[in-house]
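*Asks:* I have a structure here, written as structure tokens, and I will follow up with some questions on it.
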Amino acid sequence: MLARHERHLIARYLWPGAGGRLVLLVAGIGCTGVMIGVAALVLVIAVMNGAQTRLADSVAPVDGHLSVTLPAGAALTEAQVAAAIAPLPGVARTESIREITAGLSIDGRITPVKLQGRDPQTLYRLVPTMRSALAHGPDPAGAVAIGQSAALQLGLFPGDRIAIGRVRVGRDRTLSLDLTPARVAAFYPDDDKGSDQVTLFAPLDSLPVLRDDSVVTRRVAVVLTGAAQEGAVTAAIRRRLGPGYPITSWQQANRALLAALVTEKIGMTIAVGLVTLVALFNILSSMTLLARAKRREIAILRTMGVSARSIMRIFATVGSIIALIGASIGLTLAAALLTQRGAIVSGVRRLSPARQAEWDVFLSLPIGISARELVVIGLSVLAGSVLASLYPAWRAGRTSPALVLRADG
């Protein structure tokens, strides 16, 4: 607890008066720097968290939060595994998948693709136009859906004939290309799937290549009620199915992309944190100037019986309050920017109409920051302000009353 005289002196030193304008200016610069640094830190972390959440939201509906792969020769089918997992707590739905990496042949050009066979309900959810395409198309058995962007790059249109091929190794080690005819029946949006790989969707057992258990990968996608349920559901699946069924999470499947996001988040946090560090050095400078400006007053206080420890406590508290004021304003500013980003972006769009796509992506991000991250930012700024104030406080506490009063006399 601070004594009454310490609280009085802290209030005086926070506003040093006309004689301390330089001290006030440097302290104001430090406070402003802390405000900008904290606001920028909150914004950077919130945006990077939003990018990671956006990735999870785009991957989970297609490939699930968890993927349970059926081993070769498994006694259970995909439907049986899905039925066994579906009742588990935390599971929103399960989806049977058969997939294979193949080659898409278009007029003699081969493009690597991932072909996925899906059950009808899942297929209609991922590709809403597939229902009518299968009902009214001339060849439902060979119908596939391709992403709009991929179709544009490959020059494909609805109804185009294609071939899906896979390399077969013969007994004499000769290679041959087995081609399965197919037809482009529908498109689906693929702008935010987080991958450059072309993916084709087809009914589960419609194509011969999807019925060949020797080459196809059979798995079950598990969509959870929340990402936090991942650990508990994984353990429950292992108990239900046994150790022979490998389980892959969406983080493991997208390890490279998540690593890039984490690296970028760390790099930007360090870069923005340096702004706060520079601001804390300004607080150190302002406290040093304040200690020099108040040397005579400190000497008088010492002769009146105020201890060196009390002087140190006063100066350390003044520096910490300056940083806390800056941090509080920074948090308020960041909260205002995050909550009013729609109105802010609308104004910025008028100044930069050529960057509509970038602003749309920013607005679509589910921006958020956890309480733990806010606490870490606050405690880091508080610890930095205390450390920045220690040296000036120590110098002020070591002020010799006799030397100061003799020099002034």
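The values are calculated or read from the model by the stated rules, or taken from the named source; none is laboratory data. Owing to the predicted nature of the structure, the values given are computational and were not obtained by experimental measurement. Here the Cβ is made from the backbone with ideal geometry for all residues, glycine too, and neighbour counts use every protein chain on show.
*Asks:* Inspect the stretch 383-392 for any residue being at pLDDT below 70 and surrounded by 13 or more Cβ atoms within 10 Å (Cβ to Cβ) and give the result as yes or no.
*Replies:* The answer is no; no qualifying residue exists.
*Asks:* A further question on this structure: From the list Ile322, Ile311, which residue is within 45 Å of the chain's Cα centre (by Cα), in the same structural domain as Ala11 (by TED's automatic domain parsing), aliphatic (A, V, I, L, M) and closer than 16 Å to Ser380 by Cα?
*Replies:* Ile322
*Asks:* Looking only at the stretch 335-352, which residues are exposed (fewer than 10 other Cβ atoms within 10 Å of the Cβ) and either modelled with pLDDT of 75 or more or of a type outside the set (Lys, Arg) (or both)?
*Replies:* Residues satisfying the conditions are Gly342, Ala343, Gly347, Leu351.
*Asks:* For the stretch 301-314, give me each residue that is buried (at least 17 other Cβ atoms within 10 Å of the Cβ) and outside any loop (DSSP other than H, G, I, E, B).
*Replies:* Those that are buried (at least 17 other Cβ atoms within 10 Å of the Cβ) and outside any loop (DSSP other than H, G, I, E, B): Leu301, Arg302, Ser310, Ile311, Met312, Arg313, Ile314.
*Asks:* Moving on. Which residue, of Thr332, Thr288, Thr276, Thr317, is under 24 Å from the mean Cα position of the chain (by Cα) and buried (at least 17 other Cβ atoms within 10 Å of the Cβ)?
*Replies:* Thr276
Results for (1) under 18 Å from Val233 (Cα atoms); (2) among the acidic types (Asp, Glu); (3) touching a Gly at 6+ places or on another chain (Cβ under 6 Å); (4) crowded, with 18+ Cβ neighbours inside 10 Å, shown as yes or no for each residue.
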site: Arg21; (1), (2), (3), (4): no, no, no, no
site: Val26; (1), (2), (3), (4): no, no, no, yes
site: Ala39; (1), (2), (3), (4): no, no, yes, yes
site: Leu66; (1), (2), (3), (4): yes, no, no, yes
site: Pro71; (1), (2), (3), (4): no, no, yes, no
site: Thr77; (1), (2), (3), (4): no, no, no, no
site: Ala92; (1), (2), (3), (4): yes, no, no, no
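*Asks:* If only one of Pro120, Pro158, Pro128, Pro140 is in the same structural domain as Leu200 (by TED's automatic domain parsing), within 25 Å of Arg219 (Cβ to Cβ), surrounded by fewer than 18 Cβ atoms within 10 Å (Cβ to Cβ) and out of contact with any Pro (no Cβ under 9 Å at 6 or more places or on another chain), which one is it?
*Replies:* Pro128
*Asks:* Give Ile329, Ile321, Ile298, Ile325 a once-over and let me know the one that is in a helix (DSSP H, G or I), within 18 Å of Trp15 (Cβ to Cβ) and at pLDDT below 85.
*Replies:* Checking each option against the conditions leaves just Ile298.
*Asks:* Go over the candidates Ser214, Ser176 one by one and state the one that is farther than 30 Å from Gln80 by Cβ, modelled with pLDDT under 80 and polar (S, T, N, Q).
*Replies:* Exactly one residue qualifies, and that residue is Ser176.
*Asks:* Looking only at residues in the stretch 237-250 that are surrounded by fewer than 17 Cβ atoms within 10 Å (Cβ to Cβ) and not charged (D, E, K, R), which one is nearest to Ile325 (Cα to Cα)?
*Replies:* That would be Thr248.
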